[in-house]
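Q: Below are the structure tokens for one structure; questions will follow.
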Amino acid sequence: MIWLLGLTTLVTRQSVFDSDPLVHDQYVRGIQALKASGEYDAFTRSHADASLFYRVHGTAFFLPWHRHFVSVFENSLQTTLQDPSFALPYWDWTYNPKPPSFLGSLLGDNTSHCISDPEWLSAWKPVAGGDCIKRIDNKSHPIPTHQDIEDVYDKTNFSSFSHALENGPHLSIHSRVGGNMGGMASPDDPLFWLHHAFVDKVWCARQQWEGTENQTLRALPLPGTDLVVEDVWDATLLGYTYDYL
Ligand SMILES: [Cu+2]
């Protein structure tokens, strides 16, 4: 996977509930093209492999590794769409616990849990196996609220913040959606990218006031890449920002 530093275009990720329907069409068109070329499934596999070999969950690498991963994916969409201004929309589940309808509902078919609507999603074959994307809407995992995010912001250092965000709101959504989103091949479900863009936004907002901590972490190699954590510390250097922070 090629990573280019020094990108010139700064794109703005917007809430999927505010963004232009044209962006939603672009997202669907882009991921369908990446799916057809095999690139999409390569992303899913690299997430599953990184989970296995590089401990990118449950460690301080969780946020920086996923920031890089989602950013490289966004760059692939820009290339595929031939639109360097394309930005991933994010799903703020505290604002609206239902995903936007172009990405289907949280609950699949009653018996199979397969997502059959919209049509393009019903034809989406996961690398994890099976013939469909499954979602369970497991109500024993509440959708995180704005207050839950505020509680995460109250953590006073990066490691407790990262831990609280990963194992709290981030994990709650994976577990609530369930099915493909519940496993290590979770990028199989196209909701993954909108979910992780929002998790990254929460980190970005905190970075506004965290100061100079984490010098030790920032000097470490970013697992599974040629980069160090420092290289992904500033999202604007990766070519994106958020509509508000
Ligand atoms: Cu992950």
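Q: Return the sequence-ordered ³J(HN,Hα) values of region 155-162 in whole Hz as given by the Karplus equation 6.51 cos²θ - 1.76 cosθ + 1.60 applied to θ = phi - 60°, using x for Gly and Pro.
A: 5, 9, 9, 4, 5, 6, 4, 4
Q: For region 212-245 and region 147-170, write down the distance between their C-alpha centroids in whole Å.
A: 18 Å
Q: Name every cysteine in the chain that ends up alone, with no second cysteine's Cβ under 4.7 Å, or say none.
A: Cys with no partner Cβ under 4.7 Å: Cys204.
Q: Give a residue-ordered list of calculated ³J(HN,Hα) values for region 44-50 (Karplus: 6.51 cos²θ - 1.76 cosθ + 1.60, θ = phi - 60°; whole Hz; x for Gly, Pro).
A: 4, 5, 5, 5, 5, 5, 4
Q: While we're on this one: Is it possible to state the helix-based mean residue ellipticity at 222 nm for the chain, with each DSSP H run of 4+ residues giving -39500 (n - 2.57), the sum divided by total residues, to the nearest 500 deg cm²/dmol? What is it? Can you show the working numbers first?
A: Details: 9 runs with 100 residues, N = 245.
Taken over the chain, the calculation gives -12500 deg cm²/dmol.
Q: Amide H of Thr241: which non-local residues (sequence gap of 5 or more, or other chain) have their own amide H closer than 5 Å, using H built in the peptide plane?
A: Under 5 Å from the amide H of Thr241 lie the amide H atoms of Val11, Thr12, Arg13, each far enough along the sequence or on another chain.
Q: Could I ask something else about it? Could you work out how far apart the two model spin labels at Asn167 and Ala205 are, taking each label as a point 7 Å from the Cα in the direction of the beta carbon, and quote it in nm?
A: Placing both labels 7 Å along Cα→Cβ, they lie 2.2 nm apart.
Q: Okay, next question. What's the Kirkwood radius of region 1-124 in Å, using all Cα pairs? Working shown, then result.
A: Working: mean 1/r = 0.0617 Å⁻¹.
Computed over region 1-124, the radius equals 16.2 Å.
Q: If amide hydrogens are placed 1.01 Å from N in the peptide plane, which non-local residues have theirs closer than 5 Å to the one on Tyr90?
A: Amide H neighbours of Tyr90, under 5 Å, 5+ apart: Gln14, Ser15, Val16.
Q: Further question on the same structure: Starting from the coordinates of the alpha-carbon atoms of region 91-207, obtain the Kirkwood hydrodynamic radius over all distinct pairs and give the value in Å to one decimal. Each step should come with its number before you reach the end.
A: Values: mean 1/r = 0.0682 Å⁻¹.
Averaging 1/r across every pair of different Cα atoms and inverting gives 14.7 Å.
Q: For the chain: lysine pairs with Cα atoms under 22 Å, gap of 8 or more or different chains, count? Numbers along the way, then the final one.
A: Details: Lys35/Lys125; Lys35/Lys134; Lys98/Lys134; Lys98/Lys139; Lys98/Lys201; Lys125/Lys134; Lys155/Lys201.
Going through the chain pair by pair, I get 7.
Q: Please compute, over every Cα-Cα pair in the chain, the percentage with a separation greater than 33 angstrom.
A: Values: 3578 of 29890 pairs.
The proportion of pairs with Cα distances above 33 Å equals 12 percent.
Q: Can you work out ³J(HN,Hα) from phi for every residue in region 182-189, in order, using Karplus 6.51 cos²θ - 1.76 cosθ + 1.60 and θ = phi - 60°, giving whole Hz and x for Gly and Pro?
A: x, x, 6, 9, 4, x, 3, 8
Q: Report relative contact order for region 11-242 in percent, whole number only (criteria: Cα-Cα under 8 Å, sequence separation at least 6). Display every interim value, and only then the final one.
A: Details: 314 pairs, mean separation 60.2, N = 232.
The value is 26 percent.
No value in this document is a laboratory result; all are computed from the given coordinates. Keep in mind the model is a prediction, meaning the values are calculated, not measured. Reconstructed Cβ throughout: ideal geometry from the backbone, glycine too, with neighbour counts over all protein chains shown.
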